[in-house]
Every structure is written in structure tokens, then in C-alpha cells.
Amino acid sequence: MLLFAMGFLIVILQPSTGQFPRPCANTQSLLRKECCPPWDGDGSPCGELSSRGSCQNILLSQAPLGPQFPFSGVDDREDWPSVFYNRTCKCEGNFMGFNCGECKFGFSGPNCTERQLRTRRNIFQLTTSEKDKFLAYLNLAKNTPNQDYVIATGTYAQMNNGSNPMFKNINVYDLFVWMHYYASRDTLLGGSNVWRDIDFAHEAPGFLPWHRVFLLMWEREIQKITGDENFTIPYWDWRDAEDCVVCTDEYMGGRHPTNPNLLSPASFFSSWQVICTRSEEYNSQQALCNATGEGPILRNPGNNDKSRTPRLPSSAEVEFCLSLTQYESGSMDKMANYSFRNTLEGFADPRTAISNISQSGLHNALHIYMNGSMSQVQGSANDPVFVLHHAFVDSIFEQWLRRHRPMLEVYPAANAPIGHNRENYMVPYFPLFRNGEFFKPSRELGYDYEYLQEPELNSFQEFIIPYIEQARQIWAWLVGAAVIGGIVTALLKGLILACRKKRNRTSSEIQPLLIESEDYNNISYQSNF
């Protein structure tokens with residue numbers, strides 16, 4: 001009954017975070033290249049009258065890019081979002097959103113001053129009612145039109161540089177499927193030509209921050225359409241799993257009794273239509289995915305190519321990955337060796353950290369193992385197992401951040417593949433987020449993982465830990481300074497002792513030459529120090 005009731009839940013949608021804001025998907029905004037909608041609270045652009053934000057020019061990163069994309073000016077996603085807009089809302093303090101009408105992740109309240117910390121839990125630790133509620137929320141999102149965002153169905157050139165807008169409505173769940181597609185699609189070069197070696201969400205440093213934002217936005221959208229402010233995405237801990245234990249009708253849909261590539265009709269996921277799965281068709285037509293339904297979800301877990309992915313990842317492989325000290329290395333793409341990011345993403349061997357694109361490890365292994373909609377990058381978010389999987393991948397990223405405590409400078413500032421430098425804005429998010437802004441512990445973004453939770457700190461610990469952390473970051477310099485200081489002190493002490501011995505030895509010979517002979521008998525010797 002809960003699933004049925006949630007499917008007909010009527011809610012009032014609030015401003016959200018996503019792709020093209022509906023108030024800016026028009027000729028006037030595109031020709032002016034400005035997206036600064038008014039905030040409903042005071043009617044001013046970006047809530048400026050309430051000091052929430054103001055309309056400002058976008059500041060783009062000028063850092064050099066890697067060599068993987070040898071073109072310029074051929075893809076709408078270059079220097080995102082400047083092809084469409086070069087003025088947007090810049091929000092102040094803890095405000096966020098395309099019109100500064102929301103709070104940053106981790107904050108709430110009318111003035112966004114209240115800190116929040118929610119906990120993501122293992123899906124198998126949820127009660128039956130909690131699990132059913134999660135499934136109902138997924139179905140609600142699939143059947144609820146998004147009130148604040150639309151998707152682009154043509155390139156900027158096909159829109160005649162803004163004079164002929166091409167946008168389309170989309171439901172809440174499919175908005176995120178489309179965004180994942182849009183970030184990873186090929187570049188259309190005209191005719192039948194495309195460039196495939198480009199991806200704004202994978203195969204480079206931004207892989208983990210990009211999907212972290214994806215989950216945060218998805219989580220918030222569910223909170224809004226359901227009114228459940230405490231909702232969090234559950235995760236599936238797939239370490240050492242023998243098979244797809246979430247692939248049952250009780251959870252994410254079992255196997256169809258007569259067609260192993262389809263979901264069981266007992267699961268309402270079997271009625272879902274996928275979108276954005278026909279990349280070759282779009283490429284041949286030089287078109288974008290327009291979110292038209294393309295058939296049911298496909299999934300045949302375990303019947304994949306065993307030579308590429310023999311099994312699901314192990315605990316030992318995850319632990320080895322966590323031991324890697326470098327976040328990124330070398331070419332900073334899928335050929336990177338000893339890179340934590342590349343190993344976790346699955347292009348490097350999870351036992352050696354050496355790149356091996358003929359195999360699929362860790363994150364990639366799960367996608368290949370599912371053997372269906374999830375196995376094709378651009379359309380993989382169609383399968384709801386996607387969010388469970390990426391929540392657990394994000395938890396591994398979080399473990400690495402807590403174990404190694406990297407400074408922001410560890411995230412590459414330059415020479416990464418296009419869209420992946422530290423100061424690049426993530427494609428296609430709106431409002432704008434830079435990659436480096438999410439290279440930080442999850443608790444600073446308002447969430448934690450149940451299996452990673454640590455005891456709460458008292459006030460003294462909260463006060464002292466930042467200073468301890470600063471000292472840890474510069475410990476090598478402190479040790480070096482101490483060693484050099486010790487050597488200088490020893491040298492000075494040696495010189496002083498040598499001078500003292502020399503003076504004591506020669507004082508009887510030197511002294512008569514410094515005074516009159518008649519005063520000699522009246523001299524009182526004292527220490528030179």
C-alpha cells in the first residue's frame with residue numbers, strides 16, 4: 001500500500017539543482033547570455049535585495065588542459081557554461097541555487113545557518129518500511145515532471161545561437177539520467193564525424209567529485225518532491241559478493257522468468273522506460289538525446305564477459321586501492337598508474353595499480369557485471385542500481401580522504417583532460433560547481449556513511465584538531481627545521497668552547513700588554529662570560 005500511495009503523492013515542488021533552469025531556457029536569456037532568475041522571497045534577481053547573491057560575470061579557469069581533446073570551439077561543453085551563459089547568480093554565504101534560493105549542502109534553515117549531518121545507510125540495514133519507502137520514492141521521481149529544469153534537445157548551433165531555443169520537459173529521475181549522458185557523450189564534429197575521447201565525468205580526476213555532486217543533487221531532489229528532509233541514498237556494499245544480492249523483487253528487481261535480460265514483472269522497475277542509450281544513432285544524426293523512451297531496463301547480472309570481469313570486487317582489492325597515496329598521476333586519464341582515482345574507477349588493476357584497460361576493476365567491474373543498461377556509460381543511470389553502486393563508490397572515496405587527509409592542492413590544477421582541472425566548472429550542473437569544491441570530507445557537505453561514522457568530538461577536540469592537522473601537513477618542514485637548528489646550535493657551541501679554551505690559554509700572556517705595569521698587581525680575574 002505504501003508503494004501505491006507514494007505513486008500518487010501530490011507535492012509542491014521547490015527550486016532545485018540540475019541542468020538548464022526553466023526561467024533561462026528562452027530566447028531572451030540565451031541571446032543576452034544571462035541566467036539570473038529572481039528569488040521568489042523578494043522578487044529580485046538572485047535575491048540581491050535580501051543579500052543572498054547578485055548577478056555577476058562567470059570567471060573561467062585559464063589553466064592549460066591535457067592533450068586528449070585537440071579541438072577548440074566545437075563543443076558546447078567547453079568552458080562550461082559560457083557557450084550558453086556568461087552571467088549567472090553568485091550566491092553569498094551559505095546560499096546556493098540558480099537563483100540563490102537554496103542552502104549549500106550541509107546547511108538548512110531560513111537563513112541557511114543551521115548545520116546538518118545525515119547518514120547514508122546500507123540498504124540491507126533498512127527496515128522493511130524504510131526499504132519500501134525508498135523504492136516508492138524512486139518510482140515517484142520517475143513519474144514526477146521536473147518543475148524547475150528542462151533539457152536541451154539541440155546544440156547551441158542548432159538553436160541558431162540562441163534565437164531558436166530547443167528545450168524539453170523531463171521527469172525528475174530522467175533529468176539525472178540525461179545529465180549523466182550529456183556529460184559523457186561524444187563530441188559532434190559535423191557530417192558523420194565524432195570525437196570519442198572526451199568525457200566530463202569519467203576517465204580523469206573529476207570522476208569522483210562529479211559523481212559526488214550527482215548523488216547530492218539527486219538526494220536533495222528526492223527530499224523535495226517527497227517532503228522527507230531526512231532522506232538519504234542507501235548504498236550497496238558489494239565487496240566479496242557472490243552475486244547481485246540486490247537483484248530481487250524485494251529490492252531492485254529480480255530476473256524475468258522467461259527472458260534473462262529483462263526484469264521480473266513483479267517489480268515496478270520492469271515497466272520503466274530507459275532513455276539516452278542509442279549513442280551511435282545520435283552520432284549518425286548529429287543529434288542530442290531528446291529523452292524519448294527507448295525500451296525497458298536491461299539487466300542480466302553475472303552473464304558478462306568473464307575474461308574482462310571474472311567476479312565482483314573483493315575487500316582486499318578495495319583495501320589495496322585505499323593504500324595508494326597519490327590521488328592522480330601521469331597523464332591523469334585511464335592510462336594513469338598508481339593513481340587512486342584510476343584504480344577505484346576501474347581502469348587500473350586493483351592488485352597492482354597499473355593501468356590495464358582490457359580489464360575492468362572495482363567501479364567498472366560492477367557496471368560490466370550487471371550486463372545490461374548499466375554496462376553502457378552514457379545510459380547507465382537508467383538502472384536504479386546505479387545510485388546504490390555510486391553511493392558505495394563515494395564511500396570508498398570518503399575513506400581515502402579521511403585516511404590520507406589531502407590538501408586541496410593534491411587535486412590537479414592544470415593539464416588534466418578537458419573539464420577536469422581543479423577550477424573547471426562541472427558539466428552540465430547548474431548552479432555552477434568547481435571540481436575542487438567537492439574534494440573534501442563528506443561531513444563538510446552534510447552527510448556521513450553508517451559504517452564510517454566516528455565518535456562525536458568534544459569542544460576541545462574540535463578546537464585543537466585543525467591545528468594538529470596544519471602541523472601534520474607541514475611536519476616534514478618542522479622536522480627539517482629542527483635538524484638544521486640542532487646542527488647550527490652544535491656548531492655554535494663548539495666555536496664558543498674553542499674560543500673559551502684559547503682565551504684561557506693566552507690570557508696570562510696577553511693581559512700585561514693591555515694595562516700599565518703598575519696596575520698589574522691589582523687585577524682581579526673574572527670569567528669572560
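Brief remarks on what is shown
- Shape class for region 17-138: oblate, because the ratio a/c of the largest to smallest gyration tensor axis (alpha-carbon atoms, square roots of eigenvalues) is 1.5 or more and b/c is at least a/b.
- Ranking Thr187, Ala201, Trp218 by how far each Cα lies toward the positive end of the dipole of region 167-220 (charges on Cβ) leaves Trp218 at the top.
- Around Ala336: net Lys/Arg minus Asp/Glu count, Cβ-Cβ under 10 Å: -2
- The residues of region 82-144 have, on average, 42 Å² of accessible surface per residue, using a 1.4 Å probe with all protein chains present.
- Take the Cβ atoms of Leu189 and Glu281, set R0 to 22 Å, and the FRET efficiency comes out at 0.85.
- Gained length - Asn230 relative to Asn86, 0.36 nm times residue gap less alpha-carbon distance: 48.3 nm
- Each residue, Tyr156 and Asn259, gets one label point 7 Å from its Cα in the Cβ direction; the gap between the two is 4.2 nm.
- Peptides 257-270, 86-99 ordered by average Cβ neighbours within 10 Å, highest first: 86-99, 257-270
- Segment Ala266..Asp40, full-extension length gain: 77.0 nm, with 0.36 nm per residue of separation and the alpha-carbon distance subtracted.
- The stretch between Ala413 and Glu319, if pulled fully straight at 0.36 nm per residue, gains 31.1 nm over its current Cα-Cα span.
- Charge dipole of region 41-186 (Cα centre as origin; +1 on each Lys and Arg Cβ, -1 on each Asp and Glu Cβ, all else neutral): 480 debye, rounded to the nearest 20.
- Prolate/oblate/rounded label for region 66-221 (Cα gyration tensor, a/c 1.5): prolate
- Peptides 21-29, 400-408 ranked from most to least packed, by the mean per-residue count of other Cβ atoms within 10 Å: 21-29, 400-408.
- Surface share of carbon and sulfur [accessible, 1.4 angstrom probe, percent] for region 266-381: 54
- Prolate/oblate/rounded call for region 252-355, Cα gyration tensor, a/c under 1.5 rounded: oblate
- Distant-in-sequence amide H partners of Asp448 (H built 1.01 Å from N, under 5 Å): Arg118, Thr119, Arg120
The values are calculated or read from the model by the stated rules, or taken from the named source; none is laboratory data. All of these numbers come straight from a predicted model, not from anything done at the bench. Neighbour counts are summed over all protein chains in view; Cβ atoms, including those assigned to glycine, are modelled from backbone coordinates with ideal geometry. Note: accessible area is taken over every heavy atom of the protein model, side chains too, but ligands, DNA and RNA are not part of it. Shrake-Rupley method; radii C 1.70, N 1.55, O 1.52, S 1.80 Å.
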